[in-house]
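Q: Have a look at the structure that comes next, please.
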Amino acid sequence: MKPLLLFLLLFLYGCAVKTWDVVGQSELSNGLRVSIRTNAWEYSPSNLENYVLPIYLEVENLSDVPLFLRREDVYIVDNKGNQYNSLEPRDVAGILRDYSSIGFSFSIGYWSSPIGIWWWPYYTIPYGERTYPDIINKAFTFGQIRPKNKISGFIYFPKMPKEVESITLYVKEYKFQLRSKQN
């Protein structure tokens, strides 16, 4: 009984998703307020965090002039000095598509003469791709932020390797320190 319980605990620990805590928030600077939230994905697919790192970003322009935020202005650097750029939402949706399936079929029937039993492998062409519109609809839109307006949405990054314990998210001149909950 004890070996089975130990196996189950190790299996569940190995399947756990690494989550991140934000260490501090940004302050107002140059008329721009930036805030982030980790572990905020609650849309479809529910297991998105198994494939990528979604971070909710909100940028508010409190100045009287338009400001620009480009995709290149947002990136992550891990504690080993590796840089990770954000992923396009369409690429993230593409990672999760299920195009086909392979299986076996078993049937019993009558075929113009004696009764027979048959089995054969089959390949199915899906009647339609699985799509995840929330990935695109909830994504952050880069570009111009008009005065007294804000833009918010999810930015997607590659899933961090297991050995990474902390990361720094850069948004223009802002830095956010994130620490792993699972090591």
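Q: What are the residue pairs meeting all of these: first residue in region 133-161, first residue under 22 Å from Arg97 (Cα atoms), second residue among the β-branched types (Val, Ile, Thr) and part of a helix (DSSP H, G or I), Cβ atoms under 9 Å, and 6 or more apart or on different chains?
A: Pairs that qualify, where the first residue is under 22 Å from Arg97 (Cα atoms) and the partner is among the β-branched types (Val, Ile, Thr) and part of a helix (DSSP H, G or I), are Ile135/Val92; Ile136/Val92; Ala139/Val92; Phe154/Ile135; Tyr156/Val92; Tyr156/Ile135.
Q: I've got another one for you. Tally the residues that are closer than 17 Å to Lys175 by Cα and surrounded by 15 or more Cβ atoms within 10 Å (Cβ to Cβ), restricting the search to region 80-99.
A: So the count comes out to 2.
Q: Does Phe106 meet the test of being modelled with pLDDT under 90 and surrounded by 10 or more Cβ atoms within 10 Å (Cβ to Cβ)?
A: no
Q: Follow-up question, since we're still on this one. Answer yes or no: is there a residue in region 20-33 that is modelled with pLDDT under 55 and either in a helix (DSSP H, G or I) or surrounded by fewer than 10 Cβ atoms within 10 Å (Cβ to Cβ) (or both).
A: yes
Q: Return the pair list, or none, for Cβ contacts closer than 7 Å from residues in region 163-183 that are at positive phi and in a loop (DSSP other than H, G, I, E, B) to residues that are surrounded by 17 or more Cβ atoms within 10 Å (Cβ to Cβ) and modelled with pLDDT under 90, at least 6 apart or on different chains.
A: Here the result reads none, with nothing in region 163-183 linked to a residue that is surrounded by 17 or more Cβ atoms within 10 Å (Cβ to Cβ) and modelled with pLDDT under 90.
Q: Right, next: Just to be sure I understand, how many residues within region 173-182 are surrounded by fewer than 17 Cβ atoms within 10 Å (Cβ to Cβ) and under 28 Å from Phe68 (Cα atoms)?
A: Residues in region 173-182 being surrounded by fewer than 17 Cβ atoms within 10 Å (Cβ to Cβ) and under 28 Å from Phe68 (Cα atoms): 3 in total.
Q: Right, next: Between Glu72, Glu60, Glu42, which is in contact with a strand residue (DSSP E or B) (Cβ under 8 Å, 6 or more places away or on another chain), exposed (fewer than 12 other Cβ atoms within 10 Å of the Cβ) and modelled with pLDDT of 90 or more?
A: Residue meeting the stated conditions: Glu72.
Every residue, every condition in (1) at pLDDT 90 or above; (2) buried (at least 17 other Cβ atoms within 10 Å of the Cβ); (3) more than 29 Å from the chain's Cα centre (by Cα), yes or no:
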residue: Ser101; (1), (2), (3): no, no, no
residue: Trp111; (1), (2), (3): no, no, yes
residue: Ile117; (1), (2), (3): no, no, yes
residue: Thr124; (1), (2), (3): no, no, no
residue: Arg130; (1), (2), (3): no, no, no
residue: Ile136; (1), (2), (3): yes, no, no
residue: Gln144; (1), (2), (3): yes, no, no
residue: Tyr156; (1), (2), (3): yes, yes, no
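The values are calculated or read from the model by the stated rules, or taken from the named source; none is laboratory data. Source: prediction; values computed, not measured. Glycine gets a Cβ as well: all are built from the backbone with ideal geometry, and neighbour counts include every protein chain shown.
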